[in-house]
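Below you'll find the structure, written out as structure tokens, and then a few comments.
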Amino acid sequence: MFSSGANNEDLIDNKFTRSRGIIPAEIVGYGNTGQYAFQMGGGLNIRGMAGYKATNSKGLDSFYIYNGNKGAAINLELEFGKLFKINAPKMLNTFRFNPYAFADAGILGNGKQYGGLRADAGLGTTLSINFGKYNKLQPLVLRFDVPFFLNRVETGANYVAFRYVVGINRAF
């Protein structure tokens, strides 16, 4: 279970993420900088934590808590795309934008250690691409999330800043 997204088995099962090259290697992974920008829905789904190793310190004992074996989260999305009615040509029915506001919060544990509450909030949108009513493929959903707020950041980083996350499929 990961704090920000799908586990390795889910990534291998997905036709877009199982092969190298479709998603650039520079935007995938975990590191101390949190500069990675790809997130696939799953795990605790705290989108703002994509790429962060999430260090937790208790006294002299410091450990990473970006993955673990137990956790709980709440993820909220408020869609507001229907507030803006756009009459698009019939050809554009293949594409559908859906903007939303989101908030995520969760706690992840690894053995007897917990990483503390992690939370984010921001705006996002999805672009759904339908392949026609006679095609058996499910729509391809591309996601762009901007988690403006994080409740825990690395030393020297700002709690409110421009961050972005791209993904395939809905967050949950």
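Some observations on this one:
- A viscosity of 1.306 mPa s and a temperature of 10 °C, combined with the Kirkwood radius over C-alpha pairs in the Stokes-Einstein formula, give the range 115-172 a diffusion coefficient of 117 µm²/s.
- Sorting the segments 143-149, 46-52 by their residues' average number of neighbouring beta-carbon atoms within 10 angstrom, most packed first, yields 46-52, 143-149.
Every read-out reported here was derived from the displayed coordinates using simple, explicitly stated rules and does not represent laboratory data. The model shown is predicted, which means the values in this text are computed figures rather than measured ones. Please note: Cβ atoms are built from the backbone with ideal geometry, for glycine as well, and neighbour counts cover all protein chains shown.
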